[in-house]
Every structure is written in structure tokens, then in C-alpha cells.
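Please read the structure below before turning to the comments.
The values are calculated or read from the model by the stated rules, or taken from the named source; none is laboratory data. Here the structure is a predicted model, which means the values were calculated and not measured. Here the Cβ positions follow ideal geometry from the backbone for every residue, glycine too, while neighbour counts run over all protein chains shown. Quick note on the areas: whole protein, heavy atoms, side chains included, nothing else; ligands and nucleic acids left out. Shrake-Rupley method; radii C 1.70, N 1.55, O 1.52, S 1.80 Å.
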Amino acid sequence: MSTELRGLYAITPETTAADTLLASVAAVLAGGCRMLQFRDKHSPMAERVARARALRALTRTHGARLIVNDDLALATLVDADGLHLGAADGNLHAARAVLGRDRILGASCYADFAAAKAAVAAGVDYVAFGAVYPSPTKPEAVYAPPALFERARRELPVRCCAIGGITPDKAPAVLAAGADLLAVITDLFTAPDIAACAAQYQRLFEEPAA
């Protein structure tokens, strides 16, 4: 599973209206993104379920994967392709037991390599480090230096995701350090042409990382 995880990893913004969210995600997928994380910590549960189901239909239409952030029950309910957990959002071992081996499990490890090793032991398919650059979504996030990705490439048998302040101009250095996935929120969903922006990110994976 982990060997297939590479490319732009779009994460939905928190405050978008449902119709705008679906249109924006459709543009992201039209631009070639094949991995989407639904992140919504504030909407009422009924709204979250409705949005997740709509995104599940969209991702299936485009042959993309849907990952649900921090909610195992919701991921199971909508038959998502996987789950992403933060440090305080659930037990990775329990999540893997429920998901089985055919679904994706990812973990936020911030700048903590020991946490990444523990996540690998729990059965994750990828670990996420960040923020690699100052992030408008999480301005208080710890800094994850390039050396962290270089070490992960050498020592961990799973894919590595970079998150935090990523732009197309900054992304090549992150890929060169060892990232396999680029998790992007703000730069992607605020772009004047979201599909073109997604395509620009995807092209980085078709060219040698600088």
C-alpha cells in the first residue's frame, strides 16, 4: 500500500460552504490530484456526514482516494479509503484493527521522529511531518526540518508526507529531502485556478526533484 502513495495530497479547508467545497474539490481532482483528505472539526455531525458522502462520490468518479481526518466512525460509515489521525485523536493500533490492511492509515508526527517510529510499529502507511514552512492554517505548529525527511527516507519503510506552508516554488526542496506526499490546503484552495494549481503540483512528481 505505502509504495502507491505519492503525489499531491489535498486537504479540505475548514470554513468553506458545502457547495463551494464540492466545486473546489472537483477542480482539484480535475487537476490530477488522486488523494484527498476531508478535514472538518467544526460542522455538525449531520453536515459532516453529508459532505463526506458527497466527497466519497466525487473521489470515486475521479478514481481518487478519500481519507477522513480524525474520525474512524465517519471513515467507516462513508466507506472511505482511509483515516488520518493526529497525536491526540485516537489509537493507531485500534484504528488499524478496524480498518484492516486494505485501507490507508496515516499519522501526524509533527517533528517527532520517535513518534513516527511508533506509528510505523502500529501499522501506518505514511507518516506526516510539519510544518515544513510557516503555515496559515496552523501558525503555532513546530518546525519540521529537511533532515527529518532525509532520516525518514533512510530509516522508515513507509511513505513520508510534508505539510505546512507548501507552495509549488518551495515544494521541490521538500521532495528532494525525502517527501513522497505534499499535503496542501491554503495555496491550493485559494488559488485563482484550482485545477491548474493542482496540475502544477502533480507535475512536480513527473519531473526529477531538484
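Of note:
- Take the conditions (1) at negative phi; (2) in contact with a Leu (Cβ under 9 Å, 6 or more places away or on another chain); (3) not aromatic (Phe, Trp, Tyr); GLY90 misses just one of them, which is (1).
- No other residue among LEU182, LEU204 is in contact with a helix residue (DSSP H, G or I) (Cβ under 6 Å, 6 or more places away or on another chain) and more than 23 Å from ALA23 (Cα to Cα) apart from LEU204.
- Residue list for the range 173-197, restricted to those being farther than 21 Å from LEU29 by Cα and touching a Lys or Arg at 6+ places or on another chain (Cβ under 7 Å): GLY178
- Criterion violated by SER43 - all others in (1) exposed (fewer than 13 other Cβ atoms within 10 Å of the Cβ); (2) within 24 Å of LYS138 (Cα to Cα); (3) over 18 Å from the mean Cα position of the chain (by Cα) satisfied: (1)
- Residues in the range 38-93 that are of a type in the set (Lys, Arg) and within 22 Å of SER108 (Cα to Cα): ARG39, LYS41, ARG48, ARG65.
- Only residues that are open to solvent by 10 Å² or more (accessible area, probe 1.4 Å) and aliphatic (A, V, I, L, M) were counted in the range 1-34, giving 8.
- The selection criterion, being modelled with pLDDT of 95 or more and either surrounded by fewer than 16 Cβ atoms within 10 Å (Cβ to Cβ) or farther than 30 Å from VAL120 by Cβ (or both), does not hold for VAL68.
- Test: residue in the range 159-169 that is within 21 Å of LEU105 (Cβ to Cβ) and in contact with a Cys (Cβ under 9 Å, 6 or more places away or on another chain): no
- Residue-level check: of (1) part of a helix (DSSP H, G or I); (2) open to solvent by 20 Å² or more (accessible area, probe 1.4 Å), ASP79 misses just (1).
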